[in-house]
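Novice: Sharing a structure, written as structure tokens. Questions coming.
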Amino acid sequence: MHYTLNQLQIFLKICETQSITQASEALHLTQPAVSIQLKNFQDQFDIPLTEIVGRKLYITRFGYEIAEAAKKILEQVHAINYKTHAYKGQLFGKLQIAVVSTGKYVLPYYLSGFLKHNNNIDLEMDVSNKVKVLERIQANSIDFALVSILPEHLQFEKVELLETRYYLMGRSDLMPATEKSGKINFDRIPLIYREKGSGTRQLMEKFIEQKRISVHKKIELTSNEAIKQAMLAGLGYSLISISGLKNEILNGSLKPIPIKGLPIRKTWFLIWPKGKKHSPVAEAFIAYLKLNASRIQTEHFSWYSKLK
């Protein structure tokens, strides 16, 4: 057999995602490239590793056994590389973080300096909604999760990074009319929701319930970026974190609707299961954050003061 480490890595990712398309996206490869490597890997075995049923890819029992062996091989290769770099006083390895979708506007600033000073570290950042992020941290399949709403059902440890605020935002030239009583008439305002499972969705539904707001028309979108573009297009208003609205806030294209009880203030936390045994890379990242989080906040998020 003449399989390569690259083929082992690709096959493991296919097993993990159950999809050639998703594996290619995760590995930053083209779909044809992944398909070719899978075929070349399969050609070295007389027993099928995968099968297609109803246009869906499945891993065979034999395939899963090969995947387990591949995982052990790659772990040994990683251990050899780690020992080599550790002997030279260098950090080496992978940092795996799951991030709720709005967090993609925040975490890169906390990663940039750390990765520049440790260029032998590979980063894997999975951006998803709150439910999926918490599933990964609960399964202990990642080093950290970045959340702004702390889980109630998990025991965890944390590092505090940054405050964020949630406002009901809309396009500045399409602000809703205020009635004589001073209340805003929500009957004519389309409200834009995140999908179910999103922490932002939970905050918005709780706020609407507390304020007894009657929603006559709503739009549901699956990312804060999509909501931002919908607001800019004048489709409606949404309760949203300002973390991803820097340009729109500074140029005045989006503004908060003045409502009592807003903003809702939350904090971005990096969390991990209580008692988790960290890799040297993960331990170094925690130490870096504790030392630099305040400086990063001042350097990159002082624009928050534009909204009180």
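Novice: Please compute the length gained on full extension between residue 77 and residue 25, using 0.36 nm multiplied by the number of residues separating them and subtracting their Cα-Cα distance. Could the numbers behind the result be given before it?
Specialist: Numbers: separation 52, 0.36 × 52 = 18.72 nm, distance 2.36 nm.
Extra length available between residue 77 and residue 25 comes to 16.4 nm.
Novice: Where in the chain are the DSSP H helices whose C-alpha atoms run 27 Å or more along the long axis and whose mean Kyte hydropathy is at least -0.5?
Specialist: 61-87, 280-300
Novice: A further question on this structure: Return the percentage of antiparallel bridges among DSSP beta bridges fully within segment 164-266, rounded to the nearest 5 %.
Specialist: 70
Novice: Within the set 158/196; 94/196; 13/72, which residue pairs have Cα atoms separated by over 20 Å?
Specialist: 158/196; 94/196
Novice: For an R0 of 30 angstrom, estimate the FRET efficiency from the Cβ-Cβ distance between residue 53 and residue 220 and round to the nearest 0.05.
Specialist: Rounded to the nearest 0.05, the efficiency is 0.40.
Novice: Related question: Is any residue of segment 223-242 close enough, with backbone N under 14 Å, to a label point placed 7 angstrom from the Cα of residue 172 along the Cα-Cβ axis, and if so, which?
Specialist: 232
Novice: For every helix of n ≥ 4 consecutive DSSP H residues, a contribution of -39,500 (n - 2.57) applies; sum these over the chain, divide by its total residues, and give [θ] at 222 nm rounded to the nearest 500 deg cm²/dmol.
Specialist: Calculated mean residue ellipticity at 222 nm is -13000 deg cm²/dmol.
Novice: Under a GNM of the chain (C-alpha, springs under 10 Å), which listed residue has the highest mean-square fluctuation: 122, 173, 143?
Specialist: 173
Novice: Grab every C-alpha pair in segment 5-86, bin the distances at 10 angstrom width from 0 up to the longest one, and report whole percents.
Specialist: Cα pair-distance distribution for segment 5-86, in percent: 18, 49, 26, 7, 1.
Novice: Taking the Cα centre as origin and putting +1 on Lys and Arg beta-carbons and -1 on Asp and Glu beta-carbons, what dipole magnitude results for the chain, to the nearest 20 debye? Numbers along the way, then the final one.
Specialist: Working: 42 positive and 28 negative charges, 264 e Å.
The calculated dipole for the chain is roughly 1260 debye.
Novice: Segment 117-159 to segment 8-53: how many Å between their Cα centroids?
Specialist: Taking the Cα centre of segment 8-53 as reference, the centre of segment 117-159 is 26 Å away.
Novice: Moving to a separate point now. What percentages, rounded to whole numbers, describe P(r) for segment 164-266 computed over all alpha carbon pairs with 10 Å bin width beginning at zero?
Specialist: Cα pair-distance distribution for segment 164-266, in percent: 15, 54, 29, 2.
Novice: Something else about it: By average Cβ neighbour count within 10 Å, what is the ranking of 195-206, 253-264 from highest down? If you can, show how the numbers build up before the last one.
Specialist: Values: 195-206: 18.1, 253-264: 15.6.
Per-residue mean Cβ counts within 10 Å order the peptides as 195-206, 253-264.
Novice: Then there is this: How many percent of the alpha carbon pairs in the chain exceed a separation of 35 Å?
Specialist: Numbers: 16138 of 47278 pairs.
Considering the chain, 34 percent of its Cα-Cα pairs are separated by more than 35 Å.
Rule-based calculations on the coordinates, nothing more; no lab input. Model, not experiment: these values are computed from the prediction. Backbone-built Cβ (ideal geometry, glycine too); neighbour counts: all protein chains shown.
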